[in-house]
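Please read the structure below before turning to the comments.
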C-alpha cells in the first residue's frame, strides 16, 4: 500500500470537527445552583453558557455567554469538569463541554442578573435534587459532578456525564 502525503492544510481539512462549549456553575449562599431555561429547543433547563465560536477558548466562551445571557462581565474561575458527549442519533456531532466555577453569588449580584429575553425565559436557583429533576439526564450528572468537586480543588473528566474510570473499576 502506498501512502499519499497531503500538504498540512489539506490534511487538517480531513480531520473530524468537534464542537465545544463553555458553561459556568453559579451557586447562592444556600448552595443551590443557578439554572436557566432557554427560549429555544425542548423544555429543559441548563446552566449558563453556550457554544464556542470559531477560534474561541472554552473559558472565553463561558465569559461571553455570561455577559450575553446574564448581563454581567466576570472571569470564570477554575475548570471543574470536562464532559465529552458522543455523536447523537439526530446528527449532532460529538461535543466537549467545559464547566467553570462561577463561585457563590451574593444578594447584590443575584439582584443584578439581567436575563437576555431573546435567549432565556427565566432562571432559578435549584437544590441538587431539584436540578436532577429539571435537567436532562446527562446534564444532571454533569452538574452533580461539578458540585462534588467544587470545594475539593479537584477536576473531573466525564463521558456523557459518567466518570469512565469509576465505571471501569466498579
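Anything in segment 123-136 that is in contact with a strand residue (DSSP E or B) (Cβ under 9 Å, 6 or more places away or on another chain) and exposed (fewer than 12 other Cβ atoms within 10 Å of the Cβ)? List them, or say none.
133
For residue 157, only one of the following conditions fails: (1) modelled with pLDDT of 95 or more; (2) closer than 15 Å to residue 25 by Cα. What is its number?
(2)
Looking at (1) more than 17 Å from residue 146 (Cβ to Cβ); (2) surrounded by 14 or more Cβ atoms within 10 Å (Cβ to Cβ); (3) touching a helix residue (DSSP H, G or I) at 6+ places or on another chain (Cβ under 8 Å), which is the only condition residue 50 fails?
(1) is the only condition that residue 50 fails.
Residue 139 versus (1) buried (at least 19 other Cβ atoms within 10 Å of the Cβ); (2) within 18 Å of residue 80 (Cα to Cα); (3) over 15 Å from the mean Cα position of the chain (by Cα): which is the lone unmet condition?
It is condition (3) that residue 139 fails.
Could you check how many residues of segment 155-170 are in contact (Cβ under 8 Å) with a residue 24 or more places away in the chain and either buried (at least 18 other Cβ atoms within 10 Å of the Cβ) or assigned to a helix (DSSP H, G or I) (or both)? Even if it seems obvious, please write down each step before you answer.
In the first step, residues of segment 155-170 are kept if they are in contact (Cβ under 8 Å) with a residue 24 or more places away in the chain; the result is 155-161.
Now narrow it down to the ones that are either buried (at least 18 other Cβ atoms within 10 Å of the Cβ) or assigned to a helix (DSSP H, G or I) (or both): 156, 158, 161.
Residues flagged as in contact (Cβ under 8 Å) with a residue 24 or more places away in the chain and either buried (at least 18 other Cβ atoms within 10 Å of the Cβ) or assigned to a helix (DSSP H, G or I) (or both) within segment 155-170 amount to 3.
Suppose we filter 156, 150, 99, 85 for residues that are touching a helix residue (DSSP H, G or I) at 6+ places or on another chain (Cβ under 9 Å) and under 17 Å from residue 35 (Cα atoms); which single one remains?
The unique qualifying residue is 99.
Among the strands (runs of 3 or more DSSP E) contained in segment 37-154, which hold 3 or more residues that are at pLDDT 95 or above?
79-85, 95-104, 120-126
Within segment 16-36, count every residue that is assigned to a loop (DSSP other than H, G, I, E, B) and either touching a helix residue (DSSP H, G or I) at 6+ places or on another chain (Cβ under 9 Å) or crowded, with 22+ Cβ neighbours inside 10 Å (or both). Break it down into steps so the answer makes sense when it comes.
First, the residues of segment 16-36 that are assigned to a loop (DSSP other than H, G, I, E, B): 16-18, 28-32.
Then drop every residue that is not either touching a helix residue (DSSP H, G or I) at 6+ places or on another chain (Cβ under 9 Å) or crowded, with 22+ Cβ neighbours inside 10 Å (or both), which leaves 28-29, 31-32.
Total satisfying the criteria: 4.
The values are calculated or read from the model by the stated rules, or taken from the named source; none is laboratory data. Fair warning: this is a prediction, and the values are worked out from it, not measured in the lab. Quick reminder, even Gly has a Cβ in these numbers, built from the backbone with ideal geometry, and neighbours come from all protein chains shown.
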